[in-house]
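See structure below.
The values are calculated or read from the model by the stated rules, or taken from the named source; none is laboratory data. Keep in mind that what you see is a predicted model, and the values were worked out from it rather than measured. All Cβ positions, even for glycine, are placed from backbone atoms using ideal geometry, and neighbour counts span all protein chains on display. Ligands, DNA and RNA are stripped out before the accessible areas are found, and what is left, the full protein with its side chains, is counted by its heavy atoms. Shrake-Rupley method; radii C 1.70, N 1.55, O 1.52, S 1.80 Å.
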Amino acid sequence: MENVITLKNVWLRYDSRQDWTLREISLTIYEGEWLTLVGGNGSGKSTLVRLINGLIQPTLGEVAVYGKMTCDPQHLRNIRQNVGMVFQNAENQIVGMTVREDTAFGMYNIGVSPEQAEARCRNVLQMLGLYGLKDHPPYFLSGGEKQKLAIAGVLAMEPKVIIFDESTSMLDTKSVQQIHQIMSELHRNRITIVHVTNEIEEIFTADRLVVMQKGMIRFDGTPQEAAGNSGVFTDSGLLPPFSVRMRDIATQKGLKLPAMSELELADQ
Ligand SMILES: Nc1ncnc2c1ncn2[C@@H]1O[C@H](COP(=O)(O)OP(=O)(O)OP(=O)(O)O)[C@@H](O)[C@H]1O
Ligand SMILES: [Mg+2]
C-alpha cells in the first residue's frame, strides 16, 4: 500500500505555550485506509490533523503528504488539493454569498470548468439534502446545515484524502448516519479517511484506531485490538465502548469472554 501521509518524530509547541502540545509523533497513513483518531479534549487531535494539510508546521520533525514535505510552501497548493479538511467549527469555513457559491468556491480555485462545477455542486448538495437551500445566504443556515455545507464544499473538490475533525458534532442522528454512509461510500472508492471523533461507538467502522493521550500516541492498532483492553480508553480519559464495558462487567462477575462486537456479545 502506498504511503499517503507520514509524520516523522514530530514535536510541536505553540508559540504562546510552554509545554509541548505534541510529542514524539510518528505515524504513517496508507492509501485507502480509514483511520479514526480519538482522545480526550486537548490531547492534540486537531493539532495533529492541522499539521497534515500544512496549516501549522511542526517545531521538530517532518510531515509529508504523497512524499511532499509540508514545510515547503511550494507544495502547499498541491497538498491542499489532495487533502480536504472539514474543520470542527463550520462557521469559519463559509466564504460564499449563497450556498451554491460557497460549495463551488474551492473548485473555481483549482480550475474546474463552470459546467463541471455546476454538476458537482448539484450532486453534493442533493446528496446532503441542501439543494433546496442553494440560493440562500449561508449565514441563514442552522448549525447542522452549515456543517453539511462545509462537507459539501470538500466533497465537491474530490480530494484523495478527507479529514473529518468532529464534523458531525452538531448533526441530528439521522444526518450523522447520512454522513457515515457517505464516508463508507468514499472508503469503498479508496479515498483515504482520517476521522477525528468524540463518539466512541464510531470507532468500529475504522480499519485502524489511534488513541491520543496528552499529545502522544497511546494506542495504534485495530479497533478490535483496542476493545480487548479497556485501559486503552480509560487511561486517555475516555469511556470505553458499550461492548467493552459490558465485557468488563461480565468478567468481574466471573464470566470469561473474549473481545467482541455488540452483536457478538448479544449472541453470547
Ligand atoms: N493556536 C493555539 N495556540 C496555543 N495553544 C493551542 C492552540 N491550539 C490548540 N492549543 C492547545 O493545544 C492543546 C491541544 O489542542 P487540540 O485542539 O489539538 O486538542 P483536541 O484533541 O483537538 O481537543 P478537542 O477534543 O477539545 O477538540 C490544547 O491544550 C490547546 O489549548
Ligand atoms: Mg479538536
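Highest GNM mean-square fluctuation among VAL99, VAL112, VAL86, for the chain modelled with Cα contacts below 10 Å: VAL112. Angle of helix 242-252 to the longest C-alpha principal axis of the chain, folded into 0 to 90 degrees and rounded to 10: 10°.
Report the local net charge at VAL211: Lys and Arg +1, Asp and Glu -1, summed over other residues whose C-beta lies under 12 Å from its C-beta. Working shown, then result.
Numbers: positive: LYS45, ARG208, LYS214, ARG218; negative: ASP220, GLU225, ASP235.
Net charge around VAL211: +1.
Relative to the longest principal axis of the Cα atoms of the chain, helix 114-127 runs at roughly 40 degrees. What is the distance in Å between the Cα centroid of region 105-133 and that of region 221-244? When both Cα centres are located, 39 Å separates them.
Note down the net charge around ARG122, summing +1 for each Lys or Arg and -1 for each Asp or Glu among other residues with Cβ under 10 Å from its Cβ.
+2
Legend: residue pairs LYS68/LYS174; LYS8/LYS134; LYS8/LYS160; LYS134/LYS214, Cα-Cα distance threshold 32 Å; pairs beyond threshold, LYS68/LYS174; LYS8/LYS134; LYS134/LYS214. Report for the chain the percent antiparallel among DSSP-assigned beta bridges with both residues inside it, nearest 5. Looking only at bridges with both residues in the chain, the antiparallel portion is about 50 percent.
If you roll a 1.4 Å probe over the heavy atoms of the protein chains, what accessible area per residue do you get for the chain, in Å²?
On the way: 13580 Å² over 268 residues.
Accessible surface, normalised per residue, equals 51 Å².
Relative to the longest principal axis of the Cα atoms of the chain, helix 143-156 runs at roughly 70 degrees. Per residue of the chain, the DSSP helices (runs of n ≥ 4 H) give a summed -39500 (n - 2.57) that works out to -10500 deg cm²/dmol at 222 nm. Largest GNM mean-square fluctuation among THR173, THR98, THR28, using the chain with Cα springs under 10 Å: THR173. Modelled this way, with points 7 Å down the Cα-to-C-beta line, the labels at ASP72 and ARG13 are 2.8 nm from one another.
Counted by Cβ distance under 12 Å from ILE110, the other residues give a net charge of +2, where Lys and Arg count +1 and Asp and Glu count -1.
With the convex hull drawn over the C-alpha atoms of region 3-267, the volume per residue is 137 Å³. Across ASN123, ASN198, ASN92, mean-square fluctuation computed from a Gaussian network of the chain (C-alpha pairs under 10 Å connected) peaks at ASN92.
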